[in-house]
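Every read-out reported here was derived from the displayed coordinates using simple, explicitly stated rules and does not represent laboratory data. As the structure is a computational prediction, the values presented were derived from the model and not from experiment. So basically every Cβ, Gly included, is an ideal-geometry build from the backbone, and we count neighbours across all protein chains shown.
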Ligand code: GRG
């Protein structure tokens, strides 16, 4: 089995980058502290890893990849802060620590999320990347994170709680809520190269669609079979919030088979890129067997 620790050097690189290069020159405030608390809170850094590895695969600019990946991690962190709020999933714990609104109060958590979202665009704008890459990165970030992407996924998530959704409806919700940001991570890596190629971007999205579905189904399985200490957040959250999931429709064993199939599809797309795709393949396999 591929171990997640294989990526620890790259995760350290990303963490150092976040620590040293983000939020520089901003006036100290409780909201800034809440932003730093949430982003430095021990996430797996999957999205910046994907940006970095796609950039490496395609011979892109690594410094720009770190900045783009960091910007996306800010958006991911905002989504988690807002997702934990009482008006959303109402979870008190995240990554083994009190959720942002528990540590800093609801009003500061709301603002920290807002500020992380806007700061992400500032990070891209001042990345020093080619102006065309900055324009495209802005477009993809806003599309994948906004009302055409992750936010719409959350809209569907809230709506589906009140119904008995079909498989297709759940798939669409997962695709928007989870795959969209993973697609964005891969596309941002593609944008760090000198020659931006639409066909490569499409292929990166096909990979991330499969990865994202596998990732979300694994998340649903872990919400049932794991424990709070390992996950760093309360288990049984889906049941508590009456969330429709693949696992509810298919059961755990069948869902694991599906994760395997989707991960194999994702690896097949990676293989079609050729080049040095080893890290991406190993990350894909590690995510399929992750324990947290
Ligand atoms: C837009 C108001 C508003 C809220 C955003 C879209 C959204 C709410 C929340 C989505 C958050 C969520 C639970 C998405 C599902 C994707 C997922 C499993 C996220 C967890 O990602 P990991 O495992 O987290 O990469 P870490 O902690 O490792 O960074």
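A few comments on the model shown:
- The range 115-205: translational diffusion in µm²/s, Stokes-Einstein, Kirkwood Rh over Cα pairs, 37 °C, 0.692 mPa s: 231 µm²/s
- Overall form of the range 101-167 per C-alpha gyration tensor (a/c, 1.5; a/b vs b/c): oblate
- Cα-based Rg and Dmax for the chain, where Dmax is the largest Cα-Cα distance (Å): 18.0, 51
- Taking all Cα pairs closer than 8 Å and separated by 6 or more residues, the relative contact order of the chain comes to 22 percent.
- GNM flexibility winner over the chain from 44, 183, 139 (Cα, springs under 10 Å): 139
- Using the Cβ-Cβ distance between residue 166 and residue 227 with R0 set to 30 Å, the FRET efficiency works out to roughly 0.45.
- Only helices enter the 222 nm calculation for the chain: every DSSP H run of n ≥ 4 contributes -39,500 (n - 2.57), and dividing by all residues gives -22500 deg cm²/dmol, rounded to 500.
- For the range 1-122, alpha-carbon Rg and Dmax in angstrom: 14.8, 46
- Each peptide among 110-119, 257-266, 74-83 gets the average number of other Cβ atoms lying within 10 Å of its residues, and from highest to lowest they stand as 74-83, 110-119, 257-266.
- Gain upon complete extension [residue 93, residue 114; 0.36 nm per residue less C-alpha separation]: 5.6 nm
- Length gained on full extension, residue 16 to residue 253: 81.4 nm, using 0.36 nm per residue less the C-alpha separation.
- Listed peptides 282-292, 60-70 by packing density, highest first (mean Cβ within 10 Å): 60-70, 282-292
- Inter-probe distance in nm under a simple model that places probes 7 Å from Cα toward Cβ, at residue 28 and residue 102: 2.7 nm
- Distances between every pair of Cα atoms in the range 165-253, grouped in 10 Å steps from 0 to the bin holding the largest one, split as 16, 39, 28, 14, 4 percent.
- Of interest is the spacing of the C-alpha centroids, which for the range 241-292 and the range 202-227 amounts to 6 Å.
- Centroid-to-centroid, using Cα positions, the range 137-163 and the range 20-85 are 19 Å apart.
- Ratio of the Cα radius of gyration of the range 209-248 to 2.2 N^0.38 Å, where N counts its residues: 1.15
- Spin-label zone in the range 147-166 - amide nitrogen under 17 Å from a point set 7 Å from the Cα of residue 242 along the C-beta vector: 155-166
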